[in-house]
Amino acid sequence: MSETDAQAVAQDPTRWFAGTPRVMFVHAHPDDETISTGGTLAGLAQAGLEPLLVTLTRGERGEVVAGPFSQLQGTDGLAPHRQAELAAALFMLGLERHAFLGVPPARAEGLTPTIYEDSGMVWGPDGRATAGPDASRDALTRAPAVEALNDLLAAAHDAGAGAIVSYDDGGGYGHPDHVFAHRLARAVAHALGLPFWEIVAEPELEGDAAPGAADAATERHDVSPWFDRKIAALRAHATQLTVDGEEIVHVGGQRQPIERWETFRHRAGALPSAGAAEQPE
């Protein structure tokens, strides 16, 4: 793709993911969807392309920002509060289609609804997240993989998904739930013959590379038109982060720029011809 073509794609949501409608995004916890893909979700939704978000857990093990909600940490009250935060964030992004894994439409037919819990994590010596030693028996990463896989297959089928987006094979920063999400999402994409796109962290690109400077399988989205929506959605996740100007301040004090570009790399399955995908009815 030439730099001119890449620039045109970057600014036109109807050409993102080769123009595929009903892209299914698979995220591990509430807030992940907005941090890494919020602008893209907002752009696709505004363009009428009906993106779907599947959230795998309710973030039961999340740390909580010091302040009015800090007493929720480690209690049964955190999960419903984070569900409410997610609902508010999705309203800000204009996203109407959402499901939690384990609950219809993201539950295999004939099975009683279930809750997959946050597996928790600890920071490893290399600065990346790794599995914690105390995951509950209901944790996502302890669930029967076939059951969770069939639940995500049900969600993709119900949504008429045309492509699937999730983390890279390292889960972005190593969280075991993110790694599990990648494996589930990529397996479903393979089973259904759908394109799989992995989220690429901006630091992986060299400097402020132009949209056409990445490899041919990489697509960058200019989400500046939806930046204010992304900011508002981030503010909704008040137990998990604070917005300071154009930066996120995480629970541990780490700062992260709020990106105006969101980047994805095609990894599996055949890409449809640009503009050839069936548009939503």
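Just so it is clear, none of the values below were taken in a lab; they were calculated from the coordinates. Please read these numbers as outputs of a predicted model, since none were measured by experiment. Glycine also receives a Cβ, built like all others from the backbone with ideal geometry; neighbour counts cover every protein chain displayed.
Taking only complete DSSP H runs, can you tell me which helices of the chain stretch 15 Å or more along their own long axis by Cα positions and average at least -0.5 on the Kyte-Doolittle scale? Spell out each step's value before the answer.
Numbers: long enough: 32-46 (20 Å, 0.07); 78-93 (22 Å, 0.79); 145-159 (21 Å, 0.61); 176-192 (24 Å, 0.24).
Once both thresholds are applied, what remains is 32-46, 78-93, 145-159, 176-192.
Determine the shape class of segment 125-185: with a ≥ b ≥ c the square roots of the Cα gyration tensor eigenvalues, call it rounded for a/c under 1.5, and otherwise prolate if a/b is greater than b/c, oblate otherwise. Cα axes put segment 125-185 in the oblate bin.
For segment 23-91, the square roots of the Cα gyration tensor eigenvalues, ordered a ≥ b ≥ c, give a/c of at least 1.5 with a/b greater than b/c, which places it in the prolate category. Only one residue of GLN46, THR263, HIS157 has its Cα farthest out toward the positive end of the dipole of the chain, where Lys and Arg carry +1 and Asp and Glu -1 on Cβ, and that residue is HIS157.
Based on DSSP H runs of at least 4 residues, each adding -39500 (n - 2.57), what is the mean residue ellipticity at 222 nm of the chain after dividing by all its residues, to the nearest 500 deg cm²/dmol? Let's see the in-between values first.
Values: 6 runs with 81 residues, N = 281.
After summing the helix terms and dividing by residue count, I get -9000 deg cm²/dmol.
Evaluate E = 1/(1 + (r/R0)^6) for SER70 and GLN46, where r is the Cβ-Cβ distance and R0 equals 45 Å; express this FRET efficiency to the nearest 0.05. FRET efficiency, SER70 to GLN46: 0.80.
What shape does segment 47-155 take by its C-alpha gyration tensor, where a ≥ b ≥ c are the square roots of the eigenvalues and a/c under 1.5 counts as rounded, a/b above b/c as prolate, and the rest as oblate? Since a/c reaches 1.5 but b/c is at least a/b, the shape of segment 47-155 is classed as oblate.
Please state the relative contact order of the chain as a whole percent: Cα pairs under 8 Å, 6+ residues apart?
Normalised by residue count, the contact order of the chain is 27 percent.
At R0 = 30 Å, how high is the FRET efficiency between ALA84 and GLN11 if r is their beta carbon distance? Nearest 0.05 is fine. Efficiency, from the Cβ-Cβ distance: 0.35.
Between GLU3 and ASP126, what FRET efficiency comes out of the Förster formula 1/(1 + (r/R0)^6) with R0 = 41 Å and r the beta carbon distance, rounded to 0.05?
0.70
The separation of segment 135-172 from segment 21-98, counted between C-alpha centres, amounts to 16 Å. Taking label points 7 Å from Cα along the Cα-to-Cβ direction, ASP134 and GLU247 give a separation of 3.1 nm.
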